[in-house]
1. Calculate one ³J(HN,Hα) per residue across the stretch 264-281 by plugging θ = phi - 60° into the Karplus curve 6.51 cos²θ - 1.76 cosθ + 1.60, and present them in order as whole Hz with x for glycine and proline.
2. Within the set of other residues whose C-beta is less than 13 Å from the C-beta of V336, count the net charge using Lys and Arg as +1 and Asp and Glu as -1.
3. Based on the Cβ-Cβ distance of D334 and S13, what FRET efficiency does E = 1/(1 + (r/R0)^6) give at R0 = 22 Å, to the nearest 0.05?
4. Give the accessible area for V337 in Å² (nearest 10); use a 1.4 Å probe, count only protein heavy atoms, and leave out ligands, DNA and RNA.
5. Mind checking which lysines have their Cα closer than 16 Å to the Cα of K228? Skip sequence neighbours fewer than 8 apart in that chain.
6. When the solvent-accessible surface of protein heavy atoms is calculated with a 1.4 angstrom probe, in what order do L284, L241 fall, highest first?
7. Pull up all non-local amide H partners of G72: gap of 5 or more, or a different chain, and H-to-H distance under 5 Å with H placed in the peptide plane.
8. Using θ = phi - 60° and the Karplus relation 6.51 cos²θ - 1.76 cosθ + 1.60, list the HN-Hα couplings for the stretch 17-25 in order, rounded to whole Hz, with x at every Gly or Pro.
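The values are calculated or read from the model by the stated rules, or taken from the named source; none is laboratory data. Remember, it's a predicted structure, so these values are computed and weren't measured experimentally. A quick note on method: Cβ atoms are made from the backbone with ideal geometry, for glycine too, and the neighbour counts reach across all protein chains shown. When the accessible area is computed, the model is the full protein with side chains, heavy atoms only, and any ligands, DNA or RNA have been set aside. Shrake-Rupley method; radii C 1.70, N 1.55, O 1.52, S 1.80 Å.
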Amino acid sequence: MERGVHAREEIYSQPEAWEATLQVIEAQRKDVDALTKGSYDQVIFTGCGSTYFLAQAAAALFQDLTGRSARGLPASELWLYPRSSFSGRTLLVAVSRSGETSETLRACEAFLADKRGSLITYSNYGNMPLAKMGAVNVVIDAGQEQSVVQTRAFSTLYLGAVALALGAAGRNDLFAALHKLPAAGRDVLKQAAALAGGIGADLSIDRFYFLGSGPRYGIACEFSLKMKEMSLTHSEPFHSLEFRHGPMSMITGSTQVVGLLSTSNGKYESAVMADMEALGGRILTIGADQATVRLDPAIDEAIRNVLYLPVGQLIAYERAMSKGLNPDLPHNLDAVVKL
Ligand code: F1P
């Protein structure tokens, strides 16, 4: 099989997968809403690797939209450190592409055995154990993947988590607007394809920093993981303004900084990017206002985050291809970690 065939197909097919995902979400909306409306002291989103970063992004968005306390934690922490993780009655949202990652299963088993609250699961394979554990189990077949590295799985599962947050916040207006995302995603893929090839082929770049804040920090973490997994490149994520507090010492002419700009705080986040450019770094911005990759400004900021994803995925993919690596089969990595 030719290198990268699966990852490429999975990245480019995301808009169609999102359409199919929205149907699943609508079909299970009532059950999901009923569960999230229960009385909980906290909401925890969990997963491992990519799905842990998804959990971070989803928790920040959930708290932003609902005003209810939410955290994103790795499943291994819930399992091994329950006292530092849980506080009171909890709604646990467990996310896993495979539905069979050991740490996620063990965290959910312990959560249920200790009667800490209600469990809802999001996964891509309905025949796997996780999809049978929750009071509600949302299975998004359209996110299934051949590649070891998550791309389409991540964005479909993330959309599921966004819909959960919108339902819990009673935002019917934004729920309806989710249907604008596939078309906007196609547009982002076109823009990203044009520039990811150039950045990916430029092997004089020796490090990548991804800056994102609030609900975008988890997305920045996922970008950084894509660079590592697919292209074996040094990369780190930061909250946007944190980058000035030390990490910027690392800026050189061979540094690529990618900024995930918001609309609400774009002024401050763009200023960080301008500072890094002045220090000699190369910069790329993604956002709805004055950015290199332009996201549809008509799409509300709360549901726009999924649109950033194809850009980071494609840069990692192109860099892997330029380095002669196979992004479908990363070094040292398996699709599922089983203990
Ligand atoms: C998550 C995971 C990640 C890893 C890689 C493959 O599994 O194992 O930890 O980074 O992307 O997937 P899952 O529980 O989401 O299937």
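1. Along the stretch 264-281, the couplings run 5, 10, x, 4, 6, 6, 5, 5, 4, 4, 5, 4, 5, 5, 5, 7, x, x Hz.
2. Net of charged neighbours comes to -2.
3. That gives a FRET efficiency of 0.45.
4. Answer for V337: close to 80 Å² accessible.
5. Qualifying lysines at Cα under 16 Å: K323.
6. L241, L284
7. Here F45 satisfy the definition.
8. Values per residue, Gly and Pro as x: 4, 5, 4, 5, 4, 4, 5, 4, 4 Hz.
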